[in-house]
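Note sheet for the following structure.
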Ligand SMILES: [Zn+2]
């Protein structure tokens with residue numbers, strides 16, 4: 001019994017009309033010439049010069065479909081301010097994240113919510129395959145999600161995408177207000193055998209001390225600190241063990257050079273770290289400050305926050321150590337110790353904020369807040385097509401054979417084949 005495609009509207013937002021593009025009648029593949037400065041400024045390697053501005057998709061960090069006039073190829077882009085990033089290879093990326101979630105589940109203790117993420121049906125819901133016509137993406141609806149930025153490669157990717165767009169928005173607003181935006185990286189001396197939970201506790205205590213008392217007041221005034229966004233990250237190095245560190249964007253209303261900010265910040269960080277019971281941070285490398293361009297590149301290249309490390313991985317670099325994602329991959333390749341390290345990391349980071357905005361900053365920059373749970377619970381799009389409904393038995397079979405991403409790939413490329421696949425799946 002094949003289900004008819006039906007348009008359904010999810011969420012409490014006002015309904016939006018999904019447009020087919022190029023024209024649904026299969027007619028001309030001509031597109032509206034670019035009319036905004038954004039597109040004109042794209043330049044080499046950026047958005048093709050022809051795209052349909054009406055398909056900019058506000059709820060989703062501004063996704064745009066573009067047509068390459070020469071090849072006729074339709075590509076997908078994320079546009080934010082003057083920046084743009086081509087979204088490609090999403091099927092390989094998705095299959096990889098699903099596979100890594102399977103590995104993570106095996107390493108996590110019973111009762112950990114990531115073990116149910118994308119596996120268990122929500123009470124009183126049907127499991128459905130939906131597709132967003134604007135994004136051309138398929139996704140499951142009706143399954144539990146864990147919203148863990150630390151443990152779950154699937155949820156981490158979704159949270160990270162949304163958070164990156166928010167941080168970019170914050171940078172744009174801050175610049176419009178005349179604030180300078182600097183990136184500071186804070187590290188502490190660490191060694192093999194350090195307890196990661198203890199390091200985390202002391203690092204957060206040290207950060208809290210930055211702002212405390214008369215010293216904190218003086219520190220803020222000296223650099224003109226109006227607010228910050230802090231990200232927590234960690235890597236594991238074979239020689240020096242756990243390496244937790246903070247990256248923070250500083251929003252300043254002074255005209256100091258990065259070098260001047262670094263001088264003030266290093267002094268304060270050293271004092272606070274020692275007071276929190278940590279060894280003295282390195283005078284040169286304990287606190288590094290980079291200027292605006294560097295800060296923006298760091299955010300826009302997707303290096304923001306550990307979720308990115310969990311979803312995209314890093315270049316293999318022994319000096320930098322392994323990201324949590326690399327620990328998962330190494331475990332997959334037979335490295336048992338990497339699996340134990342991943343489990344230890346998840347336990348230690350549980351409940352920690354991955355990204356923290358200082359009080360009042362969201363109001364100052366008019367950037368609204370969604371919790372991690374709200375982000376992952378949000379449907380991928382507000383207007384989606386129902387392609388198929390999956391019974392519990394069918395789902396069990398799909399899940400056991402780890403064919404979740406196969407179903408979504410088919411839904412995106414050949415909905416009829418997708419429905420046939422679900423109907424024919426052997427329990
Ligand atoms: Zn999850």
Once each part is reduced to its C-alpha centroid, what is the distance from segment 161-214 to segment 90-142 in angstrom?
30
What order do you get for 390-397, 289-296 when each peptide is scored by the mean count of other beta carbon atoms within 10 Å, highest first?
289-296, 390-397
I need the shape label for segment 327-427. Rule: rounded when a/c is under 1.5, else prolate if a/b > b/c, else oblate, with a, b, c from the alpha carbon gyration tensor.
oblate
Please figure out what share of the DSSP beta bridges in segment 181-259 is antiparallel and state it in percent, rounded to the nearest 5.
100
Quick one: length gained pulling residue 332 to residue 275 fully straight, 0.36 nm per residue minus the C-alpha distance?
16.4 nm
Shape descriptor, segment 163-218: equivalent ellipsoid semi-axes (Cα gyration tensor, sqrt 5λ, whole Å, largest first) stand at 30, 18, 10
How high is the relative contact order of segment 153-370? Use alpha-carbon pairs under 8 Å, at least six apart in sequence, and give a whole percent.
30
Can you give the convex hull volume per residue for the Cα atoms of segment 153-370, as a whole number of Å³?
118
Cα extents of segment 110-239 along the principal axes, largest first, in whole Å, come to 57, 46, 29
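The numbers here are math on the coordinates, done by the rules we state, and not lab data. Treat the numbers as computed from the prediction; the structure is a model and nothing was measured. Quick reminder, even Gly has a Cβ in these numbers, built from the backbone with ideal geometry, and neighbours come from all protein chains shown.
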